[in-house]
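Down below is the structure, laid out as structure tokens.
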Amino acid sequence: MSIAATNAPIGQSERRTKAKRLVTGRGRYTDDVTARRVLHAAFLTNPFAHARILSIETEEAAGLPGVERVFTGPDIADACNGWTGNHDLFPKLDSPQQYPLAVDVARWQGEGVAMVVAETRAIAEDAAALIDVTWEELPAVADPVANLEPGATVLHPGKSDNLALELRLGTDAVDAAFERSTLVLEESFRFGRHTGVPLETRAILAEFDPSEQRLVIHQSHQAPHQQQELFARLLDLDEQNVRIVCPDVGGAFGIKLQFSGDEAAVAVAARILGRPVKFVADRLESFTSDIHARDHQVSARMGFAVDGKITALEVDDIYAIGPYSIYPRASIMEGNHVMQLTAASYTVPAFRGRSRIVYQNKGLMGHYRAVGQPLGCAIGEVLLDRAARKLGVDPVEIRRQNYADLSAGPVTSSAGVALEGLVLHECLDTLVERMDLPELRAEQTRLRSQGRYRGIGIAGFIEQTGPGPNYYGKGGIPVSAQDGCVVRLEPSGKARVFSGATDQGQGADTAAAQVVAAALGIQADDVRVTLGDSEVCPYGGGAFASRGTSIGVEVAWRAGRRLRSQILELAGALLQCDAEALDLRDGQVIELATSQARFSLEDVARIGHFRPYELPEGFQPMMSAVEHYVPRDKPTVVGNGIQGSYLEVDVETGIVSLLNHWVVPDCGFVINPLLLDEQIRGGVVQGIGGALFEELVYDDQGQLLTATMADYLTPMAAEIPDIDVTRIEKPMGDKTLGAKGVGEAGTAGAVGAVLCAINDALVPLGAGIAQTPCTPARILTAIEQARNE
Amino acid sequence: MKFPAFKYLRPSSVAEAAAQLAEHGDDARLLAGGQTLMPVLAMRLAEPEVLIDLGRIENLRGIALEDDALRLGAMTRYVDLERSALVAEHAPLITRALPYVAHVAIRNRGTIGGSVALADPAAEMPACMLALGAEIELTSTEGNRWIAAEDYFLGLYETAREDTEILTAIRIPLAPERRVGFYEVARRHGDYALAGAAAVGDVEDGRIQGLRVAMFGCDDLPVLAKTAAKAAETGVLDGAWLEADVSPTSNINGEAHIRLAQARVAFRRAVTDLLGVSNG
Ligand SMILES: Cc1cc2nc3c(=O)[nH]c(=O)nc-3n(C[C@H](O)[C@H](O)[C@H](O)COP(=O)(O)OP(=O)(O)OC[C@H]3O[C@@H](n4cnc5c(N)ncnc54)[C@H](O)[C@@H]3O)c2cc1C
């Protein structure tokens, strides 16, 4: 790392540059963008989990005043190529062809069946209600376990079963290891289906100019370059004529990372009608058509030696996806993470994992914040706690003695995760200190004698952030793992940044401004950052997998440093001295030897732009710089961290009150402590949502029972305890700035910490729970079962 | 989620509103705070042709002390009840229960009349009316009538109010010695109750008399737990007899016996709250 990386404003808690604009109501979200003669779309969606469309009668709807056109599935499919959510690294996955709207058969409740385009959204909704569909209801495939049995109803005609893909890891040596174990614990975990619930729902405005065959899309999305490629490919357009602009995006969390049929239908309609078309998903549509996540049933077995050392681990996962693997990123990763990240920070001598990915007549499965990581973490930590109790080992001690030994350098876990540069012991020790664990235990004991049940949970997690190109690149999926960045010096000596990273509220733009400012010796406010425009910004991957800082900010730093060199070359040419003898500080060109300011940055910039004749003959001033960066040397940047939860269970009502929450993340090099802490806190809240509240409940007919905010409970401020964040800062010591992603860290550990704490609280009752969300009824049922045993 | 088209009327007197309601009957809906009705319209769960907004009828608002009762206008907002010294003095049960009704923003618009008219089985205010022995005034073009809360709630979202009647006021009998207790089990602050109990009664020499406990969130309608209350007067506080009064069914929140167990806890905690002993 360069010395200059310690320059301000790097490391300072700069506030988000956009925050003031957004809180004063001047945000410009996709729905705020309008266009002349814009039309609005509304969808008629499938009311069943699985049904054949025998006929669609659209005449009455089309005749309603204000309606421009009604499209059915085949109408749209005629003008849009189909797609499949497959992945070349997993050739056995053979997800069937999909179209923007259902053709012949609709396969989940909420799937688009017809689209009305009208002068207003209200008229479009009126018309959608007039479309008459004759349905033939088909049997729903809605129980992932039963649907794997021989003879079960098969969702896709022509397939022999509902198994989309089976993943396997590890070896059968695990059997012998279990046999040799003193203690073998076995548990069936269930993790409810949930989703991300961004404040701003999915939204799109599509404009098509037939004279240039040009498609311009404003969309609330995380990856504009991915969308540019997909829209071009599916609508047979030239890629340079497709522009995707992501204006302010009000939260995303992976919900705005895939390709959605309704959005494709809108683009097709704009092209056919030659008028702009807008669609903003309402909350009902969001719950049924946004990507879902989690929904795993995991049988896990863990073996231990008498001293508490882990001897063997087996993870057998059933992952219930939708009727198709999601396009373009495929519904695989979460199954993989559940296997790989269970007990990932511990030495596990023998391991075997299996994940069976099962088609269901339910919403499609995508990549929601922390993709499977919270599940793996929770499984490992709950079992470790149980072993500690059975073997009479202290829960902190059992963790300490099982941690992977990295003293001799990087190791690869038996599930295949490369562990490098982790700070396991330091995080644990810091957590124990921050929690004041002995005092908490004493309080817990004191209150137990008064019939109050408090629980303490500790959960360590491994995070895989900032992924390289292997997974998507080799999968044949057009997702960029690299980001490009252009930094441009303005005549005023201030700078503009254009980057392929994107921001949905994390502050990626603020952090980029900080590193560029540090490189150029100016203030963060002197740098304006433009993101999210596929036409203007250098090509990049956008936001996913906690890559914004470790890749997006890294490349901004590199581009800033390159521009810095170019400016110093220019100043050196002016001063007839070596560029090495100069530095940029406080908006001035400084002579290092004397620390004297020789020029202002503005002077140099104005000469470069307007008066290059003052420079030696033949010298070409370079006023902007471009850099690209992709991590090539490792598959991901692995980080770790640990969380603690303190809570009270009302054992009569089943209500859990969270009292305190602690996080000790290993963050590598910290660019902005404020942004980092808030990322962690937001992530914890979403983890708490999964642990206690949020669940997309389907009945056995595949009907979604929780499709409103009154039924799908998100955590609210009143339920959230204070979240104490203590950063461990250990730069990675390679050629990069050394920042690790923390976007998913909060979510990754919170579920495990809360689940462990609830189980700890229930110990005196002999009860345990292994299902999320831990609803009051589930907690009471667990207590009742223990009582009946 | 856009409203279907409807005709919007904004009468300035009860008589005018009653006439409009008489004219449109079943096709009309009254609009009070709109905190339930607006989402219902947006989700197109109801598509009335006419909306009659009661918001401009001044004398439907207000809190007044009468000889033997506290009178609450139907359009009095939760926020005004919450801040009212008269309510705190003469109907403290309402003051106790209001923080459990939704959130501040919703209480700024929601009305007591809207809540009692809606008769959500898990809502706090209907149960309080039952426990307090309130009377409800219903007005139509034919005149007005008063009905006891006990006769008013009939079933799931079903009340004795006719389609042509407006709920205009609520009277709560004054009972200065009376004590109150309240408890609610909810998954988050401000949610409708999984189970709740609102209690009023007198306490003499540590014994409870005249106990009325209204259970909510346990059945299709708010229910006076008469059997369990009788038992409590003899010292059985734990709601052991509650299944004689309420019959929760299995639903997404849990199986019937789990919901009954939660109802028992709510009963006991409301009664111990009334007794002024700590809620164990
Ligand atoms: C997020 C959220 C959380 C909530 N949580 C709770 C909660 O915890 N507990 C709770 O009790 N409520 C809760 N509510 C509902 C809220 O209290 C409602 O506002 C209330 O129940 C209805 O009152 P309103 O004035 O808004 O009535 P409106 O929504 O205007 O009307 C409701 C119904 O009553 C009818 N009506 C209204 N006034 C009259 C009248 N004077 N005469 C005859 N009919 C009339 C209307 O026609 C309509 O059918 C919540 C609402 C929201 C949005």
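Couple of notes before you dig in:
- Chain B: DSSP helices with Cα axial extent of at least 27 Å and average Kyte-Doolittle hydropathy no lower than -0.5: B:256-275
- Other protein chain Cβ atoms within 10 Å, averaged over every residue that makes up A:710-721: 2
- Dipole size of region A:1-159 about its Cα centre, with +1 on Lys/Arg Cβ and -1 on Asp/Glu Cβ: approximately 1420 debye, rounded to the nearest 20.
- The distance from the alpha carbon centre of region A:302-318 to that of region A:756-789 is 22 Å, rounded to a whole number.
- Applying both filters, DSSP loop and at most 16 other Cβ atoms within 10 Å, to the GluC sites (Glu not before Pro) of region A:209-278 gives A:212.
- Counting other Cβ atoms within 10 Å as a rough exposure proxy, the listed residues A:613, B:192 run A:613, B:192 from fewest neighbours to most.
- With contacts taken as Cα pairs under 8 Å and at least 6 residues apart, chain B reaches a relative contact order of 15 percent.
- Over all other residues within a Cβ to Cβ distance under 14 Å of residue A:350, the charged ones net out to 0, with Lys and Arg as +1 and Asp and Glu as -1.
- For region B:7-70 versus region B:85-131, the spacing of their alpha-carbon centroids is 18 Å.
- Projecting the Cα atoms of A:534, B:79, A:659 onto the charge dipole of the protein assembly as shown, computed from C-beta unit charges around the Cα centre, puts A:534 farthest toward the positive end.
- Whole-number percent relative contact order across region A:1-118, with pairs defined as alpha carbons under 8 Å at least 6 apart: 36
- Those lysines that a straight Cα-Cα span of less than 30 Å connects to residue A:730, excepting residues fewer than 8 apart in one chain: A:18, A:309, A:634, A:740
- Of the residues A:357, A:335, A:628, the one whose Cα sits farthest towards the positive end of the charge dipole of chain A is A:628 (charges of +1 on Lys and Arg Cβ, -1 on Asp and Glu Cβ, taken about the Cα centre).
- For peptide B:191-197, the mean count of partner chain Cβ atoms within 10 Å of a residue's Cβ comes to 2.
- Sorted by Cβ neighbour density within 10 Å, fewest at the top, the residues A:90, A:259: A:90, A:259
- Cα Rg over Rh - chain A, Kirkwood: 1.00
- Rounded to the nearest 20 debye, the dipole size of region B:179-275 about its Cα centre is 140 debye, using +1 on the Cβ of Lys and Arg and -1 on the Cβ of Asp and Glu.
- Cα lying deepest toward the dipole's positive end in the protein assembly as shown, options B:125, B:138, A:164, charges on Cβ: A:164
- Test item: Cα-centred dipole of the protein assembly as shown, Lys/Arg +1 and Asp/Glu -1 on Cβ, debye: 2120
- A:662, A:108 arranged by Cβ crowding within 10 Å, fewest neighbours leading: A:662, A:108
- Ellipticity estimate at 222 nm from DSSP helix runs (n ≥ 4, -39,500 (n - 2.57)) divided over chain A, nearest 500: -8000 deg cm²/dmol
- Here the relative contact order of region B:179-275, from alpha carbon pairs under 8 Å that lie six or more residues apart, stands at 32 percent.
- Inter-probe distance in nm under a simple model that places probes 7 Å from Cα toward Cβ, at residue A:137 and residue B:47: 2.2
- Helix-only [θ]222 nm of chain B, DSSP H runs n ≥ 4, -39500 (n - 2.57) each, per residue, nearest 500: -8000 deg cm²/dmol
- Remark: mean inter-chain Cβ contacts per residue of B:252-262 equal 5, using a 10 Å Cβ-Cβ cutoff to other protein chain atoms.
- Share of pairwise Cα separations in region A:384-504, more than 25 Å, in percent: 55
- Summary of packing: across the peptides B:43-49, B:112-118, A:723-729, the per-residue average of other C-beta atoms within 10 Å ranks them, highest first, as B:112-118, A:723-729, B:43-49.
- Bridging of residue B:2 to lysines at a Cα separation below 21 Å is possible for A:278, once same-chain residues fewer than 8 apart are set aside.
None of the figures in this text is laboratory data; all of them are computed from the coordinates on show. Here the structure is a predicted model, which is why all the values come from computation and not from measurement. Positions of Cβ are generated from backbone atoms using ideal geometry, with glycine treated the same way; all protein chains shown enter the neighbour counts.
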